[in-house]
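Chemist: To start, I am sharing the structure in question, which I have written as structure tokens.
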Amino acid sequence: MERNRQQIVGPSRRDLLKQTGLAAALLAAGGSVESASSLGSSSGERKRALRIAHLSDIHVKPENGAAEGMTACLRHAQEHYRPELILNTGDSIWDSLAAEEERVRSLWELSMKVWKTECGVPVEHAIGNHDIWGVNKARAKTTGNEPLYGKKWVMSLHGWERPYRSFDRAGWHFIALDSAAIRDEGYIGHIDDEQFEWLKDDLARVDARTPVLVFCHIPLFSAAAFFKGKNETTGQWVVPAPVMCVDARRIKDLFHKHPNVKLCLSGHLHLVDRVDYLGVSYICGGAVCGGWWRGNNQEFEPGYNVVDLYTDGSFEHRYVPYGWKPKT
Ligand SMILES: [Zn+2]
């Protein structure tokens with residue numbers, strides 16, 4: 001088991017610190033590479049405040065062994081890393097945008113059952129686009145007037161009054177954003193104005209010495225977004241609005257006013273990247289389901305993230321494949 005763990009974790013932190021080239025890298029992509037936010041700094045006084053397992057894009061459903069995969073992932077994370085908190089950045093179920101009520105009910109029942117039976121640590125969820133019910137009205141056979149329409153279903157499961165919130169844990173401030181905004185019969189990546197005003201107020205109230213971790217589904221900012229689809233075929237790089245938040249600029253500007261915003265975790269792309277920009281690290285955390293329970297997605301295996309938060313506002317991150325192979 002120890003040998004496997006070494007293979008999963010990759011090079012030690014000390015090895016990474018020796019690689020001065022890595023310290024200068026703006027982008028470290030995926031695999032099992034471990035990355036740290038404070039490369040080159042003295043680590044003598046800092047202490048680990050919290051270990052997080054970050055899971056995203058589980059897309060559970062009765063088919064393709066997905067529930068067994070979700071179970072295997074939760075067991076792997078808890079047995080190997082003993083996280084104190086799990087962050088789930090959404091797309092918890094296969095799809096409810098275009099699914100009928102009975103199908104969506106069975107998906108949520110399956111999802112909640114696996115969480116309840118397989119997860120022994122606190123979990124904080126964010127909303128993914130596929131967790132929104134019925135905005136494709138023709139296929140979902142919805143009118144828009146159903147009591148659980150849109151985000152109300154997932155919000156009711158978790159007892160939320162609104163789809164975004166914040167809380168404090170282990171000396172860090174956590175902000176769960178709702179970055180999947182409904183547009184027509186689909187969605188875009190966007191923090192709507194009301195939520196953005198709330199975010200401004202929330203950040204203003206946090207002590208400047210308290211490090212902040214933001215988590216949401218659709219990336220606020222990502223480099224892997226360029227490889228979602230083949231959008232360069234027109235001769236121009238294009239990042240479509242459903243892939244990354246269209247308002248990344250004003251979010252970046254806001255975070256720049258708050259140097260205690262350290263880390264933003266997201267999912268959605270089923271790809272792994274890390275972009276360090278103006279003091280904030282934006283990490284897109286792959287997918288538990290990999291390529292929608294059919295194997296890898298591009299170069300990335302089904303996996304989850306281990307994120308260690310430290311008392312000095314630094315962190316370490318690694319992407320951990322858990323060995324899932326698709327069922328035939
Ligand atoms: Zn998504």
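Every read-out reported here was derived from the displayed coordinates using simple, explicitly stated rules and does not represent laboratory data. Being a predicted model, the structure only gives us computed values, none of them experimental. Every residue, glycine among them, receives a Cβ derived from its backbone with ideal geometry; neighbour counts consider all protein chains shown.
Chemist: Could you work out the relative contact order of the range 99-229? I mean the mean sequence separation of Cα pairs under 8 Å and 6+ apart, divided by the number of residues, in percent.
Modeler: Contact order relative to length: 23 percent.
Chemist: Can I ask one more? Give me the percent of DSSP beta bridges within the chain that run antiparallel, rounded to the nearest 5.
Modeler: Taking every DSSP beta bridge within the chain, about 65 percent pair in antiparallel fashion.
Chemist: Let's see if you can work this out: charge +1 on each Lys and Arg Cβ, -1 on each Asp and Glu Cβ, no other charges. What is the dipole magnitude of the chain about its Cα centre, in debye to the nearest 20?
Modeler: 660 debye
Chemist: I'd like the distance between the alpha-carbon centres of the range 89-162 and the range 249-317, rounded to an integer number of Å.
Modeler: Measuring centre to centre over Cα atoms gives 23 Å.
Chemist: Under a crude label model (7 Å from the Cα following the beta-carbon direction), how far is VAL121 from ALA204 in nanometres?
Modeler: Simple spin-label model gives 3.5 nm for this pair.
Chemist: Would you list GLU161, GLU194 from fewest to most Cβ contacts within 10 Å?
Modeler: The fewest-first ordering by Cβ neighbours comes to GLU161, GLU194.
Chemist: Under the rule of at least 5 residues apart or a separate chain, name every residue whose amide H is placed under 5 Å from the amide H of VAL272.
Modeler: Under 5 Å from the amide H of VAL272 lie the amide H atoms of GLY286, each far enough along the sequence or on another chain.
Chemist: Express the relative contact order of the range 215-328 as a whole percentage, based on alpha carbon pairs under 8 Å and six or more residues apart in sequence.
Modeler: Relative contact order for the range 215-328 comes out at 21 percent.
Chemist: Hey, fewest Cβ within 10 Å first, where do CYS264, CYS284, CYS119 land in order?
Modeler: CYS119, CYS264, CYS284
Chemist: Moving to a separate point now. Based solely on its DSSP helices, what 222 nm [θ] is calculated for the chain when runs of n ≥ 4 H residues each add -39,500 (n - 2.57) and the sum is averaged over all residues, nearest 500 deg cm²/dmol?
Modeler: Dividing the helical sum by the residues of the chain leaves -7500 deg cm²/dmol.
Chemist: A further question on this structure: Dipole magnitude of the range 158-264 about its Cα centre, charges +1 at Lys/Arg Cβ and -1 at Asp/Glu Cβ only, in debye to the nearest 20?
Modeler: Magnitude of the dipole: close to 500 debye.
Chemist: Using Cβ counts within 10 Å as a stand-in for footprinting exposure, how do THR89, THR117, THR71 rank, fewest first?
Modeler: Ordered from fewest to most neighbouring Cβ atoms within 10 Å, THR89, THR117, THR71 come out as THR117, THR71, THR89.
Chemist: Here's something else I'd like to know. Counting pairs of Cα atoms in the chain, how many percent are more than 31 Å apart?
Modeler: For the chain, the fraction of Cα-Cα distances above 31 Å is 27 percent.
Chemist: Can you list the lysines whose alpha carbon is less than 27 Å from that of LYS116, not counting same-chain residues fewer than 8 positions off?
Modeler: Correct list for LYS116: LYS61, LYS151, LYS152, LYS325, LYS327.
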